[in-house]
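What follows is a single structure, written as structure tokens, with notes after it.
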Amino acid sequence: MTQTQPQEPTEARPDRYDPAAIESRWQERWERDELFKSHEDATRPKFYCLDFFPYPSGDGLSVGHARNYVPTDVISRYQRMRGFSVLHPMGWDAFGLPAENRAIETGIPPAETVRLNTDNYRRQLRLIGTSYDWSREINSSAPAYYRWTQWFFLLLYERGLAYRKTSSSWWCPTDATVLANEEVENGLCWRCQTPVEKRDLPQWFFKITDYADRLLDDLEGLDWPERIKTMQRNWIGRSEGVEIGFGLEAAAGDTTEIRVFTTRPDTVYGVTFMVLAPEQPLVDRITTPEQRAAVDAYVEQTRRTTEIERLSTEREKTGVFTGAYCVNHLNGERVPIFIADYALATYGTGAVMGVPAHDQRDFEFAAKYGLAVKAVIAPAGDDGVPLTAAYVEAGRMVASGPFDNLTNEDGARAIADAVEKQGWGKRTVSYRLRDWLISRQRYWGAPIPIVYCPKDGVVPVPQEQLPVLLPEVERYEPSGTGKSPLASLPEFVDTTCPACGGPAERETDTMGGFACSSWYFLRFTSPESEAGPFDPEAMRYWLPVDLYVGGAEHAVMHLLYARFWTKVMLDAGLVPFKEPFAKLMNQGVVHAPDGLRMSKSRGNVITPDSVVERFGADSLRGYELFMAPFDQNVSWSEEGLRGIYRWLNRLWPLVLEEPASGEIAPAAAKEMRHWTHRTLRKVGEDLDRLHFNTMISALMELTNFLGRAREAGPVDADAWREATETLVLMLAPSLPYIAEELWTRTGHPYSVHQQSWPHWQEDLAASETFTLVVQVNGKLRDRFEAPVEIGEEDAKALALASPRVQAFTDGQELVRVLFVPRRLVNIVVR
Ligand code: ANZ
């Protein structure tokens, strides 16, 4: 890269900070010079910094989105200055319902909507000074991209991980289409408020459940927010228990067993009824003629209830007797069989042994239907007082035959052993995780590359024939038959069988958008690759992603699906790593100044455009970084923004105007150097920890110090030059425009963004320290050495992070934290 002064005439007057005069000029120059192009440079360490794949919505970006994109940009610029080869790309998760719905309303083709929206996003991202390598831009709705999404479908299919099954889905009778679970709100269609129904349709699934244990185990090593890991653990929901058979009491010779899954085998002597999910396959067979009408009516009613409602603990329990009985092998007791919607068909075996004495749902059910409550676990010193609620704690086994008097933990083990020994059942593991439903009966998605042949059955489209192109259509409405609009295009549907060459039909469902986003992070390494989804060498250089940033709302779906595909790729020998995202961060939400979520309907959205127009992109960036710790929610404040703008207006003359030089005390020069080096150390540490807000405040403090020093009289010329030069370099990742302008105007070679990150000197950075005392509720709990200039936020963070302090604060409610400079932090908990 040439290191020359910018050729363009400088329009801004030297005495005034005027962002409008400098920002677009630099952005164009940097792009023209390809300053941020990524290279697979084997001589340098790499850093892959990625934002969640955005969906380009018609509303464009708000300042809330900038909370994601500014910090990743800062880190990318910082790592470049530190000598890393950085990959910081951007692309579009462009398939999906909004563009299709717009097409239904207006007739504008979805591809056109995507083009308009991505143009706007790209423009806005440039406006806020991001340093993406646009030569790697990708779009998941482009054939060159979805060809490979289809290729991955085939990979999953070959490995037995994609299968077709008839499953019941939500159906909106008005829109005549299938809805995703997320599109059903309180039993109504989100679009037209019609009550939805269940319909049985053949659908494609990915077998993510095969990977449940690995998805769970590998969470351990990830540098991810604990909250997200917990959500994934709960979503996978691994439960160890026992499957126990109960013999159906039926005509002689019928040896049907009803199997239940229980995590509490210790309670098996307390079973007084059995509950089957209304959809359980056995229901039809066991229902007696007398109970048939009631059972059918209940099954019908259940079809209209959502899983969330069914699981609600608030809801009154309902159910119907089937007329049938089964036998508890352990004690020979006869047990009536009910159906009830609190039993889910999709969990365990779809059957529950009812133990009202020790399970609250069962207790409520028994109370409602007058069923016996039989206590089999007793608290210490108690021998069976009538229960007013289920007793769910540990205790001693009673009324359990040979197992009496054991602790219930030992009892559980002993009963599980006995059940296995007698052949009545076995220990097993159940998961909440379901297979991933990938079929969508919609137009705007990647067609599923499958053909149905009357002779050969289900035939995958051969790889060489990919992509199966999404044809252009006239009408985007769902067909009403439960099939996608593609089903009404004979030129798409009618094809030849890849196996026998005879007439065959194409699958007309498309893949849900989460398929596209499950591998896009690999495509950025080699977006032009035609020999495969990505170039193996480029992949080995860049992956895994070093820092991945996006909203916490993707905790389970995208972040679990991408991990699953990565593991499949590992098994197929395509990648050498088992996890795609080494470090994950969730940015906090930016609320409107009124404290409410920004939304178009409330009219309280603040756009980057309006902020940049009035204050410039650097002020926007500075404020986004400064407003709060990165992962905390915060309300937008015009005052806060103005504060940053005022700071930049102070910085401008501070750097550009020569200070008076003359006779000075050596101690003053040393103090200035101390400020420079310790700020440098602090800024580096903060960037490494993504503590952007304290980094900005350290930079402000240095600015203030230098301002005061200059006002007080002459300064040491060398110390001053070092201070201002270092300051500008430290500003460069966060405030790229003003930094470039100040850098070049003070006679330094273009570009500041190609400079090395400066080093701090230990002896100069070293601070005077004091003993910081940490109290919890006024009692001394810890003490450590801290620099005298430590700020309030840092002192509090340090105190709260101490394990000795946490021993007294964990599980308590934090009331407030007080800081007395140069003395103590007092934490008040309740
Ligand atoms: C008897 C029992 C007694 C149970 C007791 C609990 C407490 P987790 O831990 O979430 O895995 N269960 C099993 N299959 C079910 C289904 N298809 N729909 C609804 N509930 C089902 O939950 C396991 C427990 O959930 C199982 O253990 C079973 O109730 C219930 F004192 O069996 B238990």
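The values are calculated or read from the model by the stated rules, or taken from the named source; none is laboratory data. Computed from a predicted structure; not experimentally measured. All Cβ positions, even for glycine, are placed from backbone atoms using ideal geometry, and neighbour counts span all protein chains on display. The protein model used for the area step is the full one, side chains on, heavy atoms only, and it has no ligands, DNA or RNA in it. Shrake-Rupley method; radii C 1.70, N 1.55, O 1.52, S 1.80 Å.
Thr313 sits with roughly 90 Å² accessible to a 1.4 Å probe, with DNA, RNA and ligands left out of the calculation. Applying the Karplus relation 6.51 cos²θ - 1.76 cosθ + 1.60 with θ = phi - 60° to the stretch 627-634 yields 3J(HN,Hα) values of 4, 5, x, 3, 9, 9, 6, 7 Hz, where x marks Gly and Pro.
Using only the C-alpha atoms, the convex hull of the stretch 357-426 corresponds to 104 Å³ per residue. Sorting Phe577, Phe808 by accessible area puts them as Phe808, Phe577; the probe is 1.4 Å, largest comes first, and only protein heavy atoms count.
Under the criterion of Cα pairs below 8 Å and six or more residues apart, the relative contact order for the stretch 637-765 equals 34 percent.
Considered as an equivalent ellipsoid built on the Cα gyration tensor, the chain has semi-axes of 58, 38, 23 Å, the largest given first. Distance between the 7 Å Cα→Cβ label points at Glu105 and Glu671: 6.3 nm.
Given just the C-alpha atoms of the stretch 637-765, how large is their convex hull per residue in cubic angstrom? Each step should come with its number before you reach the end.
Details: hull volume 13.5 nm³, N = 129.
Convex hull volume per residue, Cα atoms: 105 Å³.
Based on the Cα atoms of the stretch 65-174, what semi-axes does the equivalent ellipsoid have, where each is the square root of 5 times one gyration tensor eigenvalue, given in whole Å with the largest first?
Equivalent ellipsoid of the stretch 65-174: 33, 22, 13 Å, largest first.
Each listed q (0.21 Å⁻¹) maps to a log10 I(q)/I(0) for the stretch 558-659 from the Debye sum over equal C-alpha point scatterers, namely -1.05. Think of the stretch 239-430 as having a plus end and a minus end, set by charges on the Cβ of Lys, Arg, Asp and Glu; of Val299, Ile258, Val352, Val299 sits farthest toward the positive end of this dipole.
Placing a pseudo-label 7 Å from each Cα along the Cα-to-Cβ vector at Leu188 and Leu116 gives an inter-label distance of 2.9 nm. Computed from backbone phi, the HN-Hα couplings of the stretch 144-160 come to 5, 8, 6, 3, 7, 4, 5, 4, 5, 4, 5, 4, 5, 4, 4, 8, x Hz, rounded to whole numbers (Karplus: 6.51 cos²θ - 1.76 cosθ + 1.60, θ = phi - 60°; Gly and Pro given as x). Give the accessible area for Phe819 in Å² (nearest 10); use a 1.4 Å probe, count only protein heavy atoms, and leave out ligands, DNA and RNA. Around 40 Å² of this residue is reachable by solvent. For the chain, the longest principal axis of the alpha carbon atoms and the long axis of helix 717-731 meet at an angle near 30°.
Taking a ≥ b ≥ c as the square roots of the eigenvalues of the Cα gyration tensor, the stretch 207-330 is classed as prolate, since a/c reaches at least 1.5 and a/b is larger than b/c. Which of the pairs Lys37/Lys682; Lys198/Lys368; Lys46/Lys567; Lys229/Lys583 have their Cα atoms more than 18 Å apart in this structure? With Cα atoms farther than 18 Å apart: Lys37/Lys682; Lys198/Lys368; Lys46/Lys567.
If I compute solvent accessible area with a 1.4 Å probe over the protein chains, what percent of it on the chain is carbon and sulfur? Reported share for carbon and sulfur atoms: 50 percent.
With charges only on Cβ, +1 for K and R and -1 for D and E, what is the dipole size of the stretch 769-829 about its Cα centre, in debye, rounded to 20?
Details: 8 positive and 8 negative charges, 58 e Å.
Dipole about the Cα centre, nearest 20: 280 debye.
Straight-line reach from Lys317: taking Cα to Cα under 16 Å and skipping same-chain neighbours fewer than 8 places apart, the aspartates and glutamates in range are Glu307, Glu309, Asp341, Asp359, Asp362, Glu364.
In a reduced charge model with +1 at each Lys and Arg Cβ and -1 at each Asp and Glu Cβ, the stretch 239-430 shows a dipole moment near 200 debye about its Cα centre. Close amide H contacts of Ala357 (hydrogens built in the peptide plane, cut-off under 5 Å, sequence separation of 5 or more or a different chain): Lys374. Each 5 Å bin from zero holds the following percent of Cα-Cα pairs in the stretch 257-371: 2, 12, 24, 26, 22, 10, 3, 0.
Using 17 Å as the cut-off for backbone N distance, which residues of the stretch 213-250 belong to the label zone defined by a point 7 Å from the Cα of Lys426 along Cα→Cβ? Once the point is set 7 Å along Cα→Cβ of Lys426, 240-246 turn out to lie under 17 Å by backbone N, inside the stretch 213-250. Note on Ile450: accessible area approximately 0 square angstrom, rounded to 10, probe 1.4 Å, nucleic acids and ligands left out.
Tell me, what is the percent relative contact order of the chain, built from C-alpha pairs under 8 Å that lie six or more residues apart? Once normalised by length, the contact order is 15 percent. In the chain, the DSSP-assigned H stretches of four residues or longer account for a calculated mean residue ellipticity at 222 nm of -11000 deg cm²/dmol, using -39500 (n - 2.57) per stretch and the full residue count as denominator.
Just by accessible area at a 1.4 angstrom probe, what is the order of Phe95, Phe626 from largest to smallest?
Descending accessible area places them as Phe626, Phe95.
Grab the beta carbon distance between Ala766 and Ser661, set R0 = 30 Å, and tell me the FRET efficiency rounded to 0.05. Given R0 = 30 Å and the Cβ-Cβ separation, E is 0.65.
A dipole drawn for the stretch 322-454 from +1 and -1 charges on Cβ atoms has a positive end, and of Tyr342, Cys326, Ala366 the residue lying farthest that way is Tyr342. Per residue, the chain exposes 44 Å² of accessible surface when a 1.4 Å probe is rolled over the protein heavy atoms with every protein chain present. Here the spin labels are modelled as points 7 Å beyond Cα on the Cα-Cβ line, and at Arg159 and Ser239 they lie 2.9 nm apart. The spacing between the stretch 369-431 and the stretch 600-644, judged by their C-alpha centroids, is 59 Å.
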